[in-house]
1. Apply 1/(1 + (r/R0)^6) to the Cβ-Cβ distance of ALA23 and MET1, taking R0 = 22 Å, and write down the FRET efficiency to the nearest 0.05.
2. Could you tell me what percent of the accessible area of the chain is made up of carbon and sulfur, with a 1.4 Å probe and every protein chain present?
3. So for region 41-182: antiparallel DSSP bridges make up what percent, rounded to the nearest 5?
4. Set the Förster distance to 30 Å, then compute FRET efficiency between GLN32 and SER177 from the Cβ-Cβ distance, nearest 0.05.
5. In debye, nearest 20: dipole of the chain around its Cα centre with unit charges on the Cβ of K, R (+) and D, E (-)?
6. With the crude spin-label approximation of a point 7 Å out along Cα→Cβ, what separation in nm comes out for ARG160 versus ALA72?
7. Averaged per residue, what accessible surface does region 95-182 expose to a 1.4 Å probe, in Å²?
8. Would you mind putting 15-22, 80-87 in packing order, based on average other-beta-carbon counts within 10 Å, highest first?
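The values are calculated or read from the model by the stated rules, or taken from the named source; none is laboratory data. Note that the structure is a prediction, hence the values are computed from the model and not measured. Quick reminder, even Gly has a Cβ in these numbers, built from the backbone with ideal geometry, and neighbours come from all protein chains shown. Surface accessibility is based on the protein's heavy atoms, side chains included, excluding ligands, DNA and RNA. Shrake-Rupley method; radii C 1.70, N 1.55, O 1.52, S 1.80 Å.
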Amino acid sequence: MVPGYLYGTYREAQIAFDLAAIAERAGIPFLQRRATGLDPTQRLLHLEDGSTRPYDLISFNVGSRAAGANSAAVGGHAVLVKPMSEAVRLKQRLEALAASTAPGSRTVAVVGGGAAGVEVACSAERLLATNGRDRQVTIVEAGDAILAGYSEGFRRLAARVLQRKSIRILTGGRVESVAADS
């Protein structure tokens, strides 16, 4: 739903989840702690504070972590899509770029050519298009093609949509660094 938020289909409140409130309504405790170990024989989860929690069924939802996003080579110039606070920051940066009166084009690179990357690129292009000025959105994918794992027909359809939106696709190269202007 994050691409829909960037696109303007959803407001932040419509896609944010209050996990503590959800747990409370379900009648289960909500703990926000770092797990340090698991004992599947005794069904115990070990927590950073030294305590343990018994479990019958356990699910780890660690979210996504972009490789290298916190490295010095990125230097704070990249904005992640997750968690939600980062998506809000990304939308704010895109809106500021779209509203900018500085001469020149508005340029955005989306790293990752999976479904989410393609959706984010389309949303960014639409947001930047609102002022009618020059813009360039590029998808950068380390693999040989975007949307790997999808059918060839679907990938051709997506390529046509991206071409119609003038979204460039760069494949076969890994991102080494991110700077303010490149």
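1. 0.60
2. 52
3. Roughly 25 percent of the beta bridges in region 41-182 run antiparallel, per DSSP.
4. Here the calculated transfer efficiency is 0.35.
5. 560
6. With each label point 7 Å from Cα toward Cβ, the separation is 4.9 nm.
7. Spelled out: the 1.4 Å probe surface of region 95-182, per residue, equals 60 Å².
8. Packing order, densest peptide first, comes out as 80-87, 15-22.
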